[in-house]
Amino acid sequence: MKKKLFILTLVVAAVFCGCTVLKQAVALKDCKYMYSRMSDVTFMDMKPAELATFAGAAKLAMGLMGNQPAPLGFTIHLKVMNPNQTTAAMESLYYKVSLDSVEVAEGSSMEPFMVVGGAEADLPLKINTDMKTLLQSNKRATVTKVIRNLVGVSNEPTDVTVQLKPTIRVGNGLLTSPVYFPIKFVYSGKKGNTQTATN
């Protein structure tokens, strides 16, 4: 339903700007978005391996007890597959990420992204949030499990939902989707297992 609303908006735009816009929009809609991998996981600028050391664990504990934010960062990589002959392209992208139904961050990518027909491309989404804020929420147990997953010491799966809101070029202007498109998958840090994303 959400994608249909986006396409309806683009159909109206295509009436004034030509069918090329509509073809690229349809190609973007038809792309398959699948989880590829997680990278650049950092806890207060420390990599997961550093947390296994006494010094790293102590630094994290002090950071969580202090008054300053305790930043958590990671990058989700989506594999975008374009089954069409037409190139799928977007000018920019807004996104939100939820882990086990807890929204942890939102962000944007202002770099143009494209996938030629019949090919695939990597779409990296950089996530930055504050562990302290998350742990102070009423979802503390869930967030703790998620953090253990990101460190790679948990076998419990984490349900991940990535919501995408693309912006495409229409003539000399830009058109942003009126809705977010949800992409869902399951992540297990220790085993590195995932289930195929759905969208």
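The values are calculated or read from the model by the stated rules, or taken from the named source; none is laboratory data. Keep in mind the model is a prediction, meaning the values are calculated, not measured. All Cβ positions, even for glycine, are placed from backbone atoms using ideal geometry, and neighbour counts span all protein chains on display. For accessibility, only protein heavy atoms count, side chains too; no ligands or nucleic acids. Shrake-Rupley method; radii C 1.70, N 1.55, O 1.52, S 1.80 Å.
List of remarks:
- Most to least accessible of Lys96, Lys32 (protein chains only, probe 1.4 Å): Lys32, Lys96
- Here the range 39-98 is described by how far its Cα atoms reach on the three principal axes: 54, 24, 17 Å, from widest to narrowest.
- Label zone of Arg37 (point 7 Å out along Cα→Cβ, amide N under 19 Å): in the range 80-99 this covers 80-81.
- When +1 charges are put on Lys and Arg Cβ atoms and -1 charges on Asp and Glu Cβ atoms, the dipole computed for the range 59-134 relative to its Cα centre reaches about 240 debye.
- Förster radius 22 Å - calculated FRET efficiency between Arg148 and Glu103, Cβ distance, rounded to 0.05: 0.70
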